[in-house]
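Comments concern the structure below.
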Amino acid sequence: MSLTERLLAALPAAATASAAQARERFVEFGLPNSRVESWRYSALRGLESLDPTAADTAPFAAAQLDGLSGTLAALIGGSWQTMSALPPGLGLAIAPSAGLRAPSELALNMPADSASAFALLNLAGAAAGLDLIVDAPVLGIWGLSLQHETNGLLQVDNRIRVHSGGAITLLEHWTGADQAGGLLNTLLDIELETDSELTLIRVQELGSKAQAMQTTTVRCADRARFNLVTLELGGLWTRHDVSVDLNKAGASANVTGLVALQGRQHHDTQLALRHLAGAAQSRTLWKAVANQRARSVFNGLIRVAPGADLTEAHLKTANLLLSAHAEIDTKPELVIEADEVVCSHGATVGQLDDRALFYLRSRGIPEAQARQILTLAFGGEVLAAIADSSLRAALSARVNAHLPQTFAE
């Protein structure tokens with residue numbers, strides 16, 4: 001059987017018309033290959049030997065992070081479990097399983113091509129789902145713990161709705177056992193209503209053999225504010241497709257990301273920021289560090305639609321190569337179809353500053369330690385986007401744990 005056939009065979013029977021339609025479209029378009037522009041650097045060769053029905057590994061104890069007010073729910077063994085009492089202003093529900101959910105906005109707006117194959121696969125039969133509803137400002141920083149324990153296929157379909165006047169800071173912490181080499185395929189659909197705000201901090205520390213695909217879509221209404229901080233640290237092959245629509249005037253998005261890879265890790269982020277109304281703002285800062293034979297891919301697209309005058313959008317990506325064999329592919333793009341806009345984009349790829357390295361070594365710091373200090377400092381601008389000092393310190397320690405301890409070619 002082909003990989004497409006094996007993936008389909010592992011799905012539960014379609015329980016709704018929308019799940020059946022997603023299955024049909026997945027069969028029609030198939031899996032993407034290098035001829036699809038957004039997939040040209042992310043080959044699926046590592047999935048060819050995947051058995052979607054393989055058993056899970058043993059559960060493990062996930063690392064705890066300081067600075068959280070509590071953990072709302074944990075995904076353990078492929079099922080969501082509530083973990084603490086809900087704070088005022090927040091509602092949480094574990095969704096029906098196996099294709100029984102109503103289709104999300106994501107499903108209704110899915111592109112008709114193979115680039116969206118994994119999202120279609122999820123819509124055809126996700127086994128775990130969580131709904132978060134925010135009705136008012138929620139105090140504190142609240143966590144969602146997600147554990148990758150599968151050697152087969154695990155699908156998760158999560159949705160966040162922030163109603164008018166609501167606000168929350170959430171931290172998604174992805175962890176996994178090193179023995180788990182299966183595929184985690186997740187959807188996250190976010191809707192922000194008028195005068196709402198969501199700060200989402202995503203920390204991905206999957207196991208060393210894990211493969212993961214996440215699709216995130218965000219829709220922002222009048223004066224809605226979306227802030228994303230993402231740390232891509234773990235996994236063998238991972239990819240994150242992020243689509244943010246600024247639909248109304250005054251909406252804003254701030255996207256900040258850090259990728260730290262070594263060994264033969266591969267990570268691909270495809271970011272699309274669409275300014276569909278005037279007087280909206282977006283700022284993106286993306287940094288990547290690659291050592292040994294790792295590969296980081298980033299494609300950042302800003303699209304300003306006709307009539308979206310007074311848009312302000314800025315995208316900057318900076319990248320650090322620590323090995324002659326590492327690879328970083330980065331492409332910022334601007335597509336502007338309006339007149340009165342302020343937009344910019346830029347990209348740099350380089351190595352550690354020899355003068356800064358010489359300065360530290362002249363103070364008696366060994367070379368490997370000096371390189372690690374400078375590498376962590378390179379990511380400091382991303383970590384600075386985390387307002388809470390105790391959480392920022394905890395995440396700085398997690399980033400440091402994933403940075404190379406040696407710098408061999």
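The values are calculated or read from the model by the stated rules, or taken from the named source; none is laboratory data. Everything quoted here is computed from the prediction, not taken from an experiment. Here Cβ is always computed from backbone atoms with ideal geometry, including for glycine, and neighbour counts include all displayed protein chains.
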Worksheet item: Has segment 354-368 got any residue that is in a loop (DSSP other than H, G, I, E, B) and basic (Lys, Arg)?
Response: yes
Worksheet item: Of all residues in segment 165-177 being part of a loop (DSSP other than H, G, I, E, B) and touching a residue at least 40 places away in the same chain (Cβ under 8 Å), which is nearest to the chain's Cα centre (by Cα)?
Response: 177
Worksheet item: Restricting attention to segment 279-327, which residues are small (Gly, Ala, Ser), within 25 Å of residue 40 (Cβ to Cβ) and part of a loop (DSSP other than H, G, I, E, B)?
Response: 294, 323, 324, 326
Worksheet entry | First in segment 287-301 and under 15 Å from residue 242 (Cβ atoms) and among the hydrophobic types (A, V, I, L, M, F, W, C), second anywhere and at pLDDT below 95 and outside any strand (DSSP E or B), Cβ under 8 Å, 6 or more apart | 297/41; 297/42
Item to complete: Please specify each residue of segment 357-377 satisfying the condition of being surrounded by 14 or more Cβ atoms within 10 Å (Cβ to Cβ) and either more than 18 Å from residue 287 (Cβ to Cβ) or more than 32 Å from the chain's Cα centre (by Cα) (or both).
Response: 357, 360, 361, 365, 370
Discussion item. Take the residues in segment 154-204 that are in contact with a Pro (Cβ under 9 Å, 6 or more places away or on another chain), buried (at least 20 other Cβ atoms within 10 Å of the Cβ) and among the aliphatic types (A, V, I, L, M); name whichever of them is modelled with the lowest pLDDT.
Written reply: 177
Discussion item. Just to verify a result, which residue in segment 203-255, among those that are of a type in the set (Ser, Thr, Tyr) and assigned to a strand (DSSP E or B), is nearest to residue 141 (Cα to Cα)?
Written reply: 230
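Conditions tested, residue by residue: (1) out of contact with any Asp or Glu (no Cβ under 7 Å at 6 or more places or on another chain); (2) surrounded by 14 or more Cβ atoms within 10 Å (Cβ to Cβ); (3) in a loop (DSSP other than H, G, I, E, B); (4) at pLDDT 80 or above.
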{"position": "68", "(1), (2), (3), (4)": "yes, yes, yes, yes"}
{"position": "74", "(1), (2), (3), (4)": "yes, yes, no, yes"}
{"position": "118", "(1), (2), (3), (4)": "yes, yes, no, yes"}
{"position": "126", "(1), (2), (3), (4)": "no, yes, yes, no"}
Worksheet item: Looking only at segment 20-38, which residues are assigned to a helix (DSSP H, G or I) and within 30 Å of residue 299 (Cα to Cα)?
Response: 21, 22, 23, 24, 25, 26, 27, 28, 29, 37, 38
Practice prompt. Would you point out which residue out of 381, 409 is acidic (Asp, Glu) and at pLDDT below 85?
Written response: 409
